[in-house]
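**Student:** Before I ask anything, here is the structure I am working with.
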Amino acid sequence: MEDILILAIESSCDETAASVVKNGREVLSNVISSQIDIHTLYGGVVPEIASRKHTERINQVVNEALIQANVTMEDITAIAVTYGPGLVGALLVGVSFAKGLSWAYDKPLIGVHHIEGHISANFIDNKELKPPFICLVVSGGHSHLVKVKDYGEYEILGRTRDDAAGEAFDKVARVIGLGYPGGPKIDKVSNEGNPHAIEFPRAKVADNEYDFSFSGLKSAVLNYLNNLNMKGEEYNQADVAASFQQAVVDVLVSHSMTAVSEYGFDKFAIAGGVASNSHLREALKKACEERGVEFYMPTPIMCTDNAAMIGCAAYYEYLKGHRSGMDLNAVPNLRLGER
Ligand code: KG4
Ligand code: ZN
C-alpha cells in the first residue's frame, strides 16, 4: 500500500504547530512554536494576542515541518487541522490556512477534534497500542474520562463540572506566586514539599462517580492561605503545592481505577498537558501495576499541544473516509464524538 502522508496543523491555544505524519504513527517532523513567553507577561493566554501570533508564524511553521520531513506539498496525501474545541480566533487561523492549502494543492481536508488528537498521541509513542482502552484526558481546558471503543469512537464516562485540572494547577500556581504556566512549576516545586502537610478536600460528585470538580479544592487552597495571612503567618510554598497536587492526583487516580475495574478494561492511557505531570504519571503507573492493567502514556512533549497528535488522529479518520469541505469552520465548544 502507498504511504499516507498527512500534513497536520494545530493552533487551538497558544502553540502554533505543524507536523508531517507517515501512516498514522511515524512522525517525520513536529514543529512547535510556543507563545508562552508573551502570555507569561499577562499571567495567562490572551486570546487576541494568540490569534495574532498564529497569523505571524503559521506560514513559517508549516514550511519548516515540510522541510524537516524532507517532503514537498506534492508528496502530501491530506491536510489535517484542529477545528475545535479551543479559542475561536486561534482556531480560525489554522482552519483558514489549512483550507487555503487544501484548495491550492487540491488535497483532501480533514478537520480534527483537539481532544481526539490528545488521545491519539498515545498511538505515536506506543506503537503496539490499539483500542479499546480507558483514557484520562487532562489538559488546560478539559478533564475527561473516556472509553476509547475504537479509533475515533468515544464514550465520555466523566467530565469536569467546573475547572479543568490544568486550570486548577494554573490558578493555584498564581496564588502561591509561581506564575504561568502553573502546571510544570507546581510539579517541580512539589519535589521539595510534603504532600501530606495539608489535607485539602478530595471532591466527589454525587450523581456521577466519574465526574470531576476542582473548584472546591481551589477555594480550599485560597482559604488556607487567607487564614494564615490574617494570622500574619507565612505559608510554605512547596508544602501547599505538593498537598494541592496530591489532592488532584488522588482524585484522578481513584476515578480512573474505578472506571478500569468497572468496565473490565486491561489497558489504560493518559493524555493532555497535565498528563506530563511526573507525580500523576508515577501514581497511575503504580495503580495500574497493582491491578495488572497495562499503562500507556505519551512522552511529555506529546502530552502538551502539538500537531503530530492531530496528524495521527486524522490518519484514522482518513481511513474511514471522513473528509471536510471548504465550509469547515472553527467550533470553539466542539464536543468529543461530534463531527
Ligand atoms: O494540553 P495542553 O498543552 O493545552 C490544552 O489543550 O489545554 O495543556 C496545558 C495545561 C496547562 O494548564 C498546564 O499548566 C498543564 O497543562 N501542565 C501541567 C504540567 N505540564 C503542563 N500540569 C501539571 N503538571 C505538569 N507537569
Ligand atoms: Zn491541548
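The values are calculated or read from the model by the stated rules, or taken from the named source; none is laboratory data. Predicted, not measured: the structure shown is a model, and the values here were computed from it. Here the Cβ is made from the backbone with ideal geometry for all residues, glycine too, and neighbour counts use every protein chain on show. Ligands, DNA and RNA are excluded from the accessible area calculation, which covers all protein heavy atoms including side chains. Shrake-Rupley method; radii C 1.70, N 1.55, O 1.52, S 1.80 Å.
**Student:** Which count do you get for residues in the stretch 56-81 that are touching a residue at least 24 places away in the same chain (Cβ under 8 Å), part of a loop (DSSP other than H, G, I, E, B) and not aliphatic (A, V, I, L, M)?
**Tutor:** Within the stretch 56-81, residues that are touching a residue at least 24 places away in the same chain (Cβ under 8 Å), part of a loop (DSSP other than H, G, I, E, B) and not aliphatic (A, V, I, L, M) number 2.
**Student:** Quick one: in the stretch 179-202, which of the residues that are at pLDDT below 95 and under 21 Å from Gly273 (Cβ atoms) is nearest to ligand 2 (Cβ to nearest atom)?
**Tutor:** Pro181
**Student:** Scan the stretch 281-288 and give yes if some residue there is open to solvent by 50 Å² or more (accessible area, probe 1.4 Å), assigned by TED's automatic domain parsing to the domain that holds Gly166 and at pLDDT below 95, otherwise no.
**Tutor:** no
**Student:** List pairs: first residue in the stretch 219-240 and under 18 Å from Glu192 (Cα atoms), second residue among the polar types (S, T, N, Q) and open to solvent by 80 Å² or more (accessible area, probe 1.4 Å) anywhere in the structure, Cβ distance under 9 angstrom, at least six positions apart or on different chains.
**Tutor:** Tyr235/Asn229; Ala238/Asn191
**Student:** Consider Gly140 carefully, then state whether it is in contact (Cβ under 8 Å) with a residue 60 or more places away in the chain, surrounded by 20 or more Cβ atoms within 10 Å (Cβ to Cβ) and within 14 Å of ligand 2 (Cβ to nearest atom).
**Tutor:** It is true that Gly140 is in contact (Cβ under 8 Å) with a residue 60 or more places away in the chain, surrounded by 20 or more Cβ atoms within 10 Å (Cβ to Cβ) and within 14 Å of ligand 2 (Cβ to nearest atom).
**Student:** In addition: Any residue at all in the stretch 84-91 that's closer than 25 Å to Ile270 by Cβ, under 19 Å from the mean Cα position of the chain (by Cα), open to solvent by 20 Å² or more (accessible area, probe 1.4 Å) and within 12 Å of ligand 1 (Cβ to nearest atom)? Let's see the steps before the verdict.
**Tutor:** Step one: filter the stretch 84-91 for residues closer than 25 Å to Ile270 by Cβ, giving 84-87, 90-91.
Right, trim to under 19 Å from the mean Cα position of the chain (by Cα) and you get 84-87, 90-91.
Restricting the remaining residues to those that are open to solvent by 20 Å² or more (accessible area, probe 1.4 Å) gives 86-87.
From what is left, the residues that are within 12 Å of ligand 1 (Cβ to nearest atom) are 86-87.
Yes, some residue in the stretch 84-91 is closer than 25 Å to Ile270 by Cβ, under 19 Å from the mean Cα position of the chain (by Cα), open to solvent by 20 Å² or more (accessible area, probe 1.4 Å) and within 12 Å of ligand 1 (Cβ to nearest atom).
**Student:** Would you check if Asp150 is under 27 Å from Asp75 (Cβ atoms) and away from ligand 1 (no atom under 14 Å from the Cβ)?
**Tutor:** Numbers: under 27 Å from Asp75 (Cβ atoms): no; away from ligand 1 (no atom under 14 Å from the Cβ): yes.
Criteria not met by Asp150.
Per-residue answers, yes or no, for (1) in a helix (DSSP H, G or I); (2) surrounded by fewer than 18 Cβ atoms within 10 Å (Cβ to Cβ); (3) not assigned by TED's automatic domain parsing to the domain that holds Leu145:
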| position | (1), (2), (3) |
| --- | --- |
| Arg174 | yes, yes, no |
| Ala197 | no, yes, no |
| Val205 | no, yes, no |
| Tyr235 | no, yes, no |
| Ala242 | yes, no, no |
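**Student:** For the stretch 96-104, indicate whether the set of residues that are buried (at least 21 other Cβ atoms within 10 Å of the Cβ), more than 14 Å from ligand 2 (Cβ to nearest atom) and of a type in the set (Ser, Thr, Tyr) is non-empty.
**Tutor:** The answer is yes; a qualifying residue exists.
**Student:** Out of Tyr180, Tyr224, which single residue is farther than 22 Å from His144 by Cβ, within 19 Å of the chain's Cα centre (by Cα) and surrounded by 15 or more Cβ atoms within 10 Å (Cβ to Cβ)?
**Tutor:** Tyr180
**Student:** When you check Glu338 against the structure, is it closer than 29 Å to Leu101 by Cα and either open to solvent by 50 Å² or more (accessible area, probe 1.4 Å) or assigned to a strand (DSSP E or B) (or both), yes or no?
**Tutor:** Values: closer than 29 Å to Leu101 by Cα: yes; either open to solvent by 50 Å² or more (accessible area, probe 1.4 Å) or assigned to a strand (DSSP E or B) (or both): yes.
When the stated conditions are applied, Glu338 passes them.
**Student:** Filter the stretch 304-324 for residues that are in a loop (DSSP other than H, G, I, E, B) and open to solvent by less than 30 Å² (accessible area, probe 1.4 Å); which is nearest to Ile79 (Cα to Cα)?
**Tutor:** Per the stated criteria, the residue is Ala307.
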